[in-house]
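The values are calculated or read from the model by the stated rules, or taken from the named source; none is laboratory data. If you're wondering where the values come from, they're calculated on a predicted model, not measured in any experiment. Virtual Cβ from ideal backbone geometry, glycine too; neighbours counted across all protein chains shown. These area figures cover heavy atoms from the full protein model, side chains too; ligands, DNA and RNA do not enter into them. Shrake-Rupley method; radii C 1.70, N 1.55, O 1.52, S 1.80 Å.
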Amino acid sequence: METVELILKNAIVLSMDAQFSLYEPGAVAIQGDHIVEVGPEEQVLEKYKADTVHDCKGKVLMPGMVNTHTHVPMTLLRGLADDLRLDVWLMGYMMPVEREFVSPDFVRLGTKLACAELIKTGVTTFNDMYYFEDDIAEATAEAGMRAVVGQTVMKFPSPDAASFEDSIRHCKKLIDKWTGNPLIVPAIAPHAVYTCTPDVLTACVDLAKENDTIVHFHVSETHDEVQNLRNEHGIPVIPYVRKFGMLETKLVAAHCVFVDHGEIRSMRNAGVGIAHNPTSNLKLASGFAPVAEMINLGCNVGIGTDGTGSNNDLDFFEEIRLASFIAKPVAEDPTALPARQVLEMATIMGAKAIHMGDIIGSLEPGKRADIVLVDISPIHNQPRFRRDPEGIYAQLIYASKSTDVTDVMVNGQWLMREKVLTTLDEEDLIKQANVVANKIDKFLRGREESVHSKLIAIGGAAEEESFEVQAKVTIEDRSAIIDALHDQGVKILRKRHYHEFDTYFAFEDDEQGVLRYREDEFLNEKGKVENVRSRLTLIGERVDEENGQAQNVLLSRTRYFAPATHSLRFYTEYFKPTQSIEIEKDRLRYQIEFKGTEFFVNLDTLIKPELGKFLEIKSRTWSREDADNKTALIQELFKQLGIFTDQLVTEDYLQMAKTAHRNVG
Ligand SMILES: [Zn+2]
């Protein structure tokens with residue numbers, strides 16, 4: 001008889017091996033970090049004796065579950081911003097807060113919070129993607145959990161890198177330090193196609209091939225992501241990343257909501273692992289991944305919680321139940337993704353999906369001792385039918401809860417015994433997390449107070465303050481003015497024709513100013529649209545000074561001017577204006593030089609609302625004194641063009657539109 005360190009006996013053992021061997025009563029013999037024997041209790045006890053024999057009292061003993069896609073430190077951002085569209089949530093809230101707060105200490109605390117939650121839900125391995133992954137690895141190893149830690153790489157500056165080259169250097173260090181560690185597997189995590197340039201993807205693939213490293217990547221999560229790529233390159237995500245060699249790496253593709261039949265076959269042939277994230281896809285209304293089809297075609301599909309920002313918990317029993325429940329209506333088939341198959345996804349198939357199927361995911365001799373005990377005696381899981389032994393899988397998937405997990409072991413070490421964590425102090429973690437939450441609350445409260453600071457928070461451009469001097473008159477027709485412009489005294493530098501669509505956001509507090517989203521269509525000689533550009537301008541309150549007032553010249557202050565990188569819909573949802581006013585106009589714009597100074601002369605026809613034709617003269621300036629000089633020059637220029645300045649219009653288009661709107665309404 002051989003002696004081992006530990007025998008777990010009197011359990012319903014679900015081995016999740018290739019035959020789905022099930023033993024009741026069953027036992028598992030463990031030596032050090034690995035499993036020595038799994039089988040019927042009698043047989044195991046005949047062959048082995050142990051220093052410690054643990055009576056599992058009829059609980060389910062199964063492999064620890066594998067969370068194939070998550071961002072663990074985001075536990076600290078749980079509940080921060082919810083019920084938003086993905087771009088507003090990510091670019092408007094998550095990324096700005098992350099830029100401000102994410103540090104090595106932040107990720108260590110967030111990781112420990114996540115580890116505590118994951119252990120309690122029966123997860124023993126997770127596949128992560130975030131920043132400062134070295135610190136995440138340290139915190140995870142301290143907690144005793146197993147993880148694949150994927151250092152994020154993308155084209156934007158991130159909390160731990162000024163450039164993607166920086167991130168690649170972090171990846172190299174991560175690989176050097178953690179390769180061969182018993183608990184931690186280093187990985188490279190290019191974020192997604194919409195956040196990675198070809199250079200970024202190539203650098204990640206090269207490094208991964210050199211070191212045989214796992215690559216963790218968001219794939220086809222939303223319809224927009226795929227549509228934008230199709231518009232730009234004519235192909236969806238999988239064929240696109242194949243061009244950079246990504247399918248030749250040990251790839252884990254998270255989400256895969258919008259992948260077609262051909263892409264699924266490509267992934268199967270390349271051995272790409274897929275992480276299915278049902279809660280996240282539901283909460284962000286991303287869609288339904290074709291999971292049953294993927295599995296039928298032979299892909300390894302695991303289950304993931306995604307980060308707590310989009311979930312908002314790491315409850316793995318909820319996740320596996322949802323995976324099954326969603327697959328059924330999607331396939332219009334109640335037999336799709338039956339209970340046993342879902343548990344397979346949560347364990348051995350998930351392990352294969354993250355390219356670790358050789359050491360974890362099932363209870364077999366030689367594999368790591370990553371084990372979970374689940375109590376099926378509570379009232380919500382009774383009575384028990386024994387006619388079909390496989391009924392136990394349905395009990396686990398459809399009726400068990402995370403709170404039924406009583407004991408968790410990783411690599412031969414107990415991390416939870418009788419529902420008490422052995423490596424983490426829950427009370428202390430909660431206290432620390434609330435200190436961080438208070439700080440973030442303060443930061444966001446400050447930011448939400450002002451449109452200006454909300455603009456700066458989403459980045460994209462440097463702030464610049466300038467004044468605009470402008471005066472306008474109503475006109476009957478354009479030709480006389482165009483003739484006058486071609487007379488001497490005025491030098492025409494440039495002429496352009498636009499169709500402009502302006503949307504003005506107004507806010508309850510006038511002092512916030514007005515935010516203008518402008519989309520210009522450049523029209524060519526034939527009046528066809530040649531080019532489109534969109535810009536964002538925060539216009540400060542009108543500066544009504546005696547001087548400007550007397551001469552009927554509008555002086556306004558621009559506080560921010562930048563190319564608009566998001567959609568009008570994004571800005572509307574992000575800024576939540578109290579009023580939104582649309583103005584559409586045809587504009588002939590002359591850039592001229594008059595007495596050594598440059599001006600814009602605009603010949604505008606207001607289309608929406610129909611307010612008539614105007615001649616507008618404008619100039620931008622950075623100082624108030626200069627604004628006065630320009631005001632005088634504008635008066636002279638009007639004279640030169642044969643316009644009487646007593647026809648000056650003292651309102652800007654926005655005010656005119658507001659008045660017109662009121663009159664109609
Ligand atoms: Zn994710």
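Residues in the stretch 6-43 that are open to solvent by less than 10 Å² (accessible area, probe 1.4 Å) and either within 14 Å of Ile371 (Cβ to Cβ) or at pLDDT below 95 (or both): 14 in all. When the strands (runs of 3 or more DSSP E) confined to the stretch 9-65 are screened for residues that are touching a Lys or Arg at 6+ places or on another chain (Cβ under 9 Å) and among the aromatic types (Phe, Trp, Tyr), none reaches at least 1 such residues. Pull out all pairs, ordered by first then second residue, where Cβ-Cβ is under 8 Å, the residues are six or more apart or on different chains, the first lies in the stretch 616-633 and is free of Cβ contacts under 8 Å to residues at least 60 places away in the same chain, and the second is open to solvent by 50 Å² or more (accessible area, probe 1.4 Å). Note: pairs meeting the criteria are Leu633/Lys595. Looking only at the stretch 391-446, residues that are closer than 18 Å to Glu142 by Cα and of a type in the set (Val, Ile, Thr) come to 6 in all. Does Ile326 satisfy the condition of being open to solvent by less than 10 Å² (accessible area, probe 1.4 Å), within 30 Å of Asp82 (Cα to Cα), more than 16 Å from the ligand (Cβ to nearest atom) and β-branched (Val, Ile, Thr)? No; evaluated as a whole, the condition is false for this residue. Against the numbered list (1) away from the ligand (no atom under 15 Å from the Cβ); (2) buried (at least 18 other Cβ atoms within 10 Å of the Cβ); (3) at positive phi; (4) among the acidic types (Asp, Glu), Asp306 comes up short only at (1). On the given criteria, is Ala285 more than 23 Å from Ala394 (Cα to Cα), within 16 Å of the ligand (Cβ to nearest atom), assigned to a strand (DSSP E or B) and small (Gly, Ala, Ser)? No: the conditions fail for Ala285. Total residues in the stretch 353-408 satisfying the condition of being touching a Lys or Arg at 6+ places or on another chain (Cβ under 8 Å) and aromatic (Phe, Trp, Tyr): the figure is 2.
Do you know which of the residues in the stretch 175-189 that are buried (at least 19 other Cβ atoms within 10 Å of the Cβ) and in contact (Cβ under 8 Å) with a residue 40 or more places away in the chain is farthest from Ile136 (Cα to Cα)?
In the first step, residues of the stretch 175-189 are kept if they are buried (at least 19 other Cβ atoms within 10 Å of the Cβ); the result is 175, 178, 183-189.
From the residues that got through so far, the ones that are in contact (Cβ under 8 Å) with a residue 40 or more places away in the chain too are 178, 183-187, 189.
Numbers: Trp178: 12, Leu183: 12, Ile184: 10, Val185: 12, Pro186: 11, Ala187: 12, Ala189: 14 Å.
So, considering only residues that are buried (at least 19 other Cβ atoms within 10 Å of the Cβ) and in contact (Cβ under 8 Å) with a residue 40 or more places away in the chain, the one farthest from Ile136 (Cα to Cα) is Ala189.
With respect to the conditions (1) buried (at least 18 other Cβ atoms within 10 Å of the Cβ); (2) away from the ligand (no atom under 16 Å from the Cβ), Asn296 lacks only one, and its number is (1). Of the residues screened, Gly350 is one that is under 27 Å from Leu247 (Cα atoms) and out of contact with any helix residue (DSSP H, G or I) (no Cβ under 8 Å at 6 or more places or on another chain). Look at the stretch 336-356: where a residue is in contact (Cβ under 8 Å) with a residue 60 or more places away in the chain and a partner is open to solvent by less than 10 Å² (accessible area, probe 1.4 Å) and in a loop (DSSP other than H, G, I, E, B), sitting 6+ places away or on another chain with Cβ atoms under 6 Å, you get Thr347/Met16; Thr347/Gly361; Ile348/Met16; Ile348/Gly361; Ile348/Ser362; Ala351/Ile360; Ala351/Gly361.
Considering the stretch 553-665, the qualifying helices (runs of 4 or more DSSP H), each wholly inside and each with 3 or more residues that are among the polar types (S, T, N, Q) and over 14 Å from Thr474 (Cα atoms), run over 624-640, 653-664. Among residues of the stretch 346-370 being open to solvent by 10 Å² or more (accessible area, probe 1.4 Å) and in a helix (DSSP H, G or I), the one that is nearest to Phe325 (Cα to Cα) is Met349.
Which residues, taken from the stretch 478-522, are over 26 Å from Arg557 (Cβ atoms), part of a strand (DSSP E or B) and open to solvent by 30 Å² or more (accessible area, probe 1.4 Å)? Let's see the steps before the verdict.
Looking only at the stretch 478-522, we keep the residues that are over 26 Å from Arg557 (Cβ atoms), and these are 478-492, 495, 497, 499, 521-522.
After this cut, where a residue has to be part of a strand (DSSP E or B) as well, the list is 490-492, 495, 497, 499, 521-522.
Hits for the stretch 478-522 are Lys491, Ile492, Lys495, His497, His499, Glu521.
On inspection, Lys120 does not qualify as under 22 Å from the mean Cα position of the chain (by Cα) and at pLDDT 95 or above. Of all the residues in the stretch 591-613, those that are under 45 Å from the mean Cα position of the chain (by Cα), surrounded by 14 or more Cβ atoms within 10 Å (Cβ to Cβ) and over 15 Å from Lys495 (Cα atoms) number 5.
Scanning the stretch 159-174 for residues that are open to solvent by 10 Å² or more (accessible area, probe 1.4 Å) and either touching a Lys or Arg at 6+ places or on another chain (Cβ under 8 Å) or closer than 18 Å to His355 by Cβ (or both) yields Pro159, Phe164.
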